[in-house]
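Read through the structure below, which is laid out as structure tokens, and then see the notes.
The values are calculated or read from the model by the stated rules, or taken from the named source; none is laboratory data. Fair warning: this is a prediction, and the values are worked out from it, not measured in the lab. Every residue, glycine among them, receives a Cβ derived from its backbone with ideal geometry; neighbour counts consider all protein chains shown. Calculation scope for accessible area: heavy atoms of the full protein, side chains included, ligands and nucleic acids excluded. Shrake-Rupley method; radii C 1.70, N 1.55, O 1.52, S 1.80 Å.
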Amino acid sequence: MDNLIKDKKILVVDDEEDLLKLLDTVFTKEGFRKIYTAETGQKGLELFENVKPDIILLDIMLPDKEGYEICKKIRETSTVPILFLSAKSEEVDKILGFALGGDDYVTKPFSPKEVAYRVKAHLRRSSMHENNEDKEISFGPFLVNKEKMEVRKNGEILDLKPKELRLFLYMASHPNQILSKEKICDEVWGEDYIGFDNTIMVHIRRLREKIEDNPSEPKFIINVKGLGYKLIVKDE
């Protein structure tokens with residue numbers, strides 16, 4: 001197994017004891033060494049605070065708290081990848097999960113092996129970003145501190161939600177390049193583009209509202225008709 005991710009910490013929050021045991025067995029066979037499980041939302045939040053996991057598998061229907069509520073709470077302080085596990089298969093449930101900051105959505109019943117591969121894919125993507133990028137990006141009026149997970153404009157901290165921050169980081173890592181919606185969706189959401197058009201547009205609009213002097217006439221994030229978006233970075 002890839003040495004880059006074998007020591008990553010996995011937190012699984014689900015009230016089905018048999019499923020917890022099954023996932024623990026599968027992850028162990030796949031080479032993971034640090035697997036933490038919780039059967040309630042409260043216990044999951046406590047482990048999140050104490051363990052600082054690298055990825056979270058989160059059931060939506062829990063006995064004490066809804067998974068959506070837990071995800072929202074985690075997203076107040078962390079961009080850790082979150083994979084929802086749910087028997088709910090309606091599109092509206094998936095959209096809500098992504099809107100609240102989820103990175104993936106797996107419908108029960110599922111293949112534990114497939115879940116393990118999805119976990120590996122998200123961990124590799126996170127590790128590559130951590131290892132290949134500088135801790136700070138500075139351009140124009142912006143300063144991005146990746147350790148503190150904050151963006152400043154003219155010295156003032158911008159109030160960016162986790163997905164907005166990921167979107168901005170991705171665009172800032174590819175300045176003056178046209179980024180297709182398909183590529184943005186793959187890199188930021190870790191999903192295929194189908195069904196995400198409105199989600200991407202909403203996040204671009206919200207990001208513009210926070211970084212642009214005049215969001216209706218953007219000068220940083222521009223739309224390239226029919227191709228995607230571009231973050232304009234001018235030479236100083």
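Structural remarks
- Wholly enclosed strands (runs of 3 or more DSSP E) of region 74-157 bearing at least 3 residues at pLDDT below 85 and open to solvent by 20 Å² or more (accessible area, probe 1.4 Å): 136-139
- Filtered residues of region 201-211 (kept if open to solvent by 80 Å² or more (accessible area, probe 1.4 Å) and basic (Lys, Arg)): Arg205, Arg206
- Condition met for Leu62 (open to solvent by 10 Å² or more (accessible area, probe 1.4 Å), of a type in the set (A, V, I, L, M), farther than 23 Å from Arg166 by Cβ and touching a strand residue (DSSP E or B) at 6+ places or on another chain (Cβ under 6 Å)): no
- Residues within region 9-53 that are in a loop (DSSP other than H, G, I, E, B), open to solvent by less than 60 Å² (accessible area, probe 1.4 Å) and not polar (S, T, N, Q), tallied: 5
- Members of region 158-173 that are open to solvent by less than 50 Å² (accessible area, probe 1.4 Å) and either under 18 Å from the mean Cα position of the chain (by Cα) or polar (S, T, N, Q) (or both): Leu160, Pro162, Lys163, Glu164, Leu165, Leu167, Phe168, Leu169, Tyr170, Met171, Ala172, Ser173
- All of Asn198, Asn176, Asn214, Asn223 fail the test of being of a type in the set (S, T, N, Q), part of a loop (DSSP other than H, G, I, E, B), open to solvent by 30 Å² or more (accessible area, probe 1.4 Å) and without any contact (Cβ under 8 Å) to a residue 24 or more places away in the chain, apart from Asn214.
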